[in-house]
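Comments concern the structure below.
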Amino acid sequence: MSRPSSPTTLAAAIIAVLVFACRADPEPVQDFCVAAAHKTGAADDQPTFPGFPCKPSSTVVSDDFFFGGLSAPAKPASDSPFGSAVTSGNVEAFPGLNTLGLSINRVDLAPGGVNPLHTHPRAAELVHVVSGEMLVGFVSTAGKFYSKVVGEGQSFVIPRGLTHFQYNVGATAARALTVFNSQLPGLVLAAPALFGADPEIPDAVLAKSFQVDGEIIKLLKSKFRK
Ligand code: GLV
Ligand code: MN
């Protein structure tokens, strides 16, 4: 007959389960697994567990661990109606990150620009402001809004899965680096997800959900449907 577990053993087992359950990406099982060319263009081209297939280690070179894609914004922030540009440094852009459980973005905000409300289903996010000043905020599951004006050299953390934004409150352009505990954090932009979904969410569902007139939903859809 097996002995009943001691409270310490039980606590250790519970902590182990919690740590495993809370980790954003699985632990690597080798030094590295640089992603082999994987882009098929198919909509379902997602990494398989625990990441994309590795390229043979004999073909891995130093450049596989280098990424220069954040040295400039992908496009000027002022070109976007939001006054923002997010340049991604996830595993799709930087194959050396595969299975390492981290990634990085560059966020550029024109004065008054906003990186609009969004969530990352698979990662927490650390926002580190490199220049300028931005209001960074998120809403908890209890509906509480947490925010802070974050300046150069300062950081703010967004817990996993919560709706958040960055908004330039300074007179000059602002820039942040955002770091994630996932190689592919995922991105759900709130307004396009609701008003730009394809096929579209019925107007009646949105009007009832937001407690507004159908005309308002039509207006919002006209802004976010492609
Ligand atoms: C900022 O919120 C980002 O997702 O890069
Ligand atoms: Mn984000």
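Only the coordinates and a few stated rules stand behind these numbers; no lab work does. No experiment lies behind these values; they were computed from the predicted model shown. In this analysis, Cβ positions are derived from the backbone assuming ideal geometry, glycine residues included, and neighbour counts consider all displayed protein chains.
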Computed E for Phe66/Leu126 - FRET, C-beta separation, R0 22 angstrom, nearest 0.05
0.55
Report, largest value first, the span of the C-alpha coordinates of region 65-127 along each principal axis, in whole Å.
36, 25, 16
Over the Cα atoms of region 185-224, each weighted equally, I'd like the Debye log10 I(q)/I(0) at q = 0.15, 0.28, 0.29, 0.31 Å⁻¹, rounded to two decimals.
-0.32, -0.95, -1.00, -1.10
Along the Cα-to-C-beta direction of Asp79, a point sits 7 Å from the Cα; which residues of region 167-190 have their amide N less than 19 Å from that point?
173-176
Using only the alpha carbons of region 122-219, determine the length spanned along each of the three principal axes and report them from longest to shortest in whole angstroms.
46, 33, 26
Distance in nm between label sites at Lys144 and Ser57, each 7 Å beyond Cα in the beta-carbon direction?
4.7 nm
